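Structure, as structure tokens:
The values are calculated or read from the model by the stated rules, or taken from the named source; none is laboratory data. All values derive from a computational prediction rather than experimental measurement. For neighbour counting, all protein chains shown are included, and Cβ atoms are generated from backbone atoms with ideal geometry for every residue, glycine included. Remember, those area values only see protein heavy atoms, side chains included, never the ligands or the DNA or RNA. Shrake-Rupley method; radii C 1.70, N 1.55, O 1.52, S 1.80 Å.
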Amino acid sequence: MLYLAGIIISLFLLLLIFTKKGLIKTDILLGTWIIIAFLNLSAHYMFIHQLYINYPKVLIFSFTLPILHPLLLFSYIKENFGIKAVLWQNLAYLLPFIAANLIFIDAYLVDHGEAVRIIEQEGKGYEWQIKVNYILIIFSGAFFISKSFLLIGRTKKIAGLYEAPNLEFVQKIFWCRNLCIWISGIWILALTPLPEEYIYITFMLFLIWLGFTGIRNFLFTNPKVSDQGIYMVKEGLEALEIPEKKEIRYKKSSLHPEQANEIHERMTTFLQNEKPFKDSALSLDTLSELLEVHPNYLSEVINSMENKNFNEYINEMRIEEFISLATDPKNQRFTYLSIAYDCGFNSKASFHRNFKKIKGVTPKEFLDKMYQKNSIPQ
């Protein structure tokens, strides 16, 4: 019953992730990771309840899946921090998993009855393959978990370069660190002579924690910063409100002026031509992914070269787009609010508040003055 609950939790988490609006690469990686977890738990459940009779080769394939967990952990953490890997690295990282499946190729090619026998006799006749697979699991865990911890350590140093690092970024560091701790614990259990039931029970607890913590911290939804620059971070049963500074002063930075100028030029061109701000779910992470720039660097460029934080800058772009569309005679049949929604605002209150904050007057007052000044028929 416990494993069935784990399978249901996995499916629930997958539903949350893949029905999320504005799916990004980190979501896809996390979803892939949970699919692997689902396959592992399902195979173990089939083995315990002798349901493998119909699909014995699925269980044989599941022997190699634990190799992927540390790799997916590392890939997920890299993507969270905006670090891109070249193609040959990704292919090289998959070699242990490919090698494990190649050594089991004979088991995949046997007839159905022989495959059932392999499962029932706990791999008799494939002892060396099982031993090599175990070594590959240990190697994968040692290599990718250590790389993950090192990457988090380096990222914490990057965050330490700033007087006021982005709170969402700090959250990611702690989230990724906790993921590493969980996977490390499961990997260490795999090294002990304890029954494998302990490993699966711990893995079940990990999935429960993943679901609870992820939902509580908005990791399966689009986290948004309020219009007043306040981050909502759940801590226990209370919400902690932390005002964002209007300007973030960078004590040190590895970003050279030439790089900053190049990023700024690419960003403004992209925003003007592609208008991604029309998506109300646009975030700093999403924009940095589209531009293939580290989120910290993009935040630094916006703060230093536009003298605004990300939300202020994007809302200003939305306001300018609104004015352009609202004064176009072709759009006179549309209401101001419908145009505002098309420009990326997701509520009437948000639109009016930001417009008055940026232009000093309400949208109607501003447009009335424009019509009078330019003799534009309303």
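Which of the residues belonging to region 300-331 are among the aromatic types (Phe, Trp, Tyr) and either touching a residue at least 60 places away in the same chain (Cβ under 8 Å) or open to solvent by 20 Å² or more (accessible area, probe 1.4 Å) (or both)? Spell out the reasoning first.
Here is the first cut: in region 300-331, the ones among the aromatic types (Phe, Trp, Tyr) are 310, 313, 322.
If the condition is that a residue be among the aromatic types (Phe, Trp, Tyr) and either touching a residue at least 60 places away in the same chain (Cβ under 8 Å) or open to solvent by 20 Å² or more (accessible area, probe 1.4 Å) (or both), then 310 is the only one that fits.
Return the residues of region 262-293 that are crowded, with 19+ Cβ neighbours inside 10 Å and not in a helix (DSSP H, G or I); say none if nothing qualifies. Across region 262-293, the qualifying residues are 282, 283, 293. Consider region 16-29 and keep the residues that are out of contact with any helix residue (DSSP H, G or I) (no Cβ under 6 Å at 6 or more places or on another chain) and outside any loop (DSSP other than H, G, I, E, B). The one that is least open to solvent (accessible area, probe 1.4 Å) is 16.
Can you find a residue in region 98-114 that is in contact (Cβ under 8 Å) with a residue 24 or more places away in the chain, buried (at least 19 other Cβ atoms within 10 Å of the Cβ) and within 30 Å of the chain's Cα centre (by Cα)? Break it down stepwise before answering.
Here is the first cut: in region 98-114, the residues in contact (Cβ under 8 Å) with a residue 24 or more places away in the chain are 99-101, 103-104, 107-108, 112.
Imposing the further condition that a residue be buried (at least 19 other Cβ atoms within 10 Å of the Cβ) reduces the set to 100, 104, 107.
Adding the requirement that they be within 30 Å of the chain's Cα centre (by Cα) leaves 100.
Yes, because at least one residue in region 98-114 is in contact (Cβ under 8 Å) with a residue 24 or more places away in the chain, buried (at least 19 other Cβ atoms within 10 Å of the Cβ) and within 30 Å of the chain's Cα centre (by Cα).
Does residue 300 qualify as being outside any loop (DSSP other than H, G, I, E, B), farther than 30 Å from residue 78 by Cβ and at pLDDT 85 or above? In short, no. Does residue 48 meet the test of being of a type in the set (Val, Ile, Thr), open to solvent by 30 Å² or more (accessible area, probe 1.4 Å) and more than 24 Å from residue 199 (Cα to Cα)? No, not satisfied. Scanning region 121-158 for residues that are open to solvent by 100 Å² or more (accessible area, probe 1.4 Å) and outside any helix (DSSP H, G or I) yields 122, 124.
Suppose the filter is more than 22 Å from residue 366 (Cβ to Cβ) and open to solvent by less than 20 Å² (accessible area, probe 1.4 Å); does residue 296 pass it? Here the answer is yes, as residue 296 does meet what is asked.
Of all residues in region 74-120, those satisfying the criterion of being in contact with a helix residue (DSSP H, G or I) (Cβ under 6 Å, 6 or more places away or on another chain), within 19 Å of residue 289 (Cα to Cα) and in a helix (DSSP H, G or I) are 74, 75, 76, 77, 79, 80.
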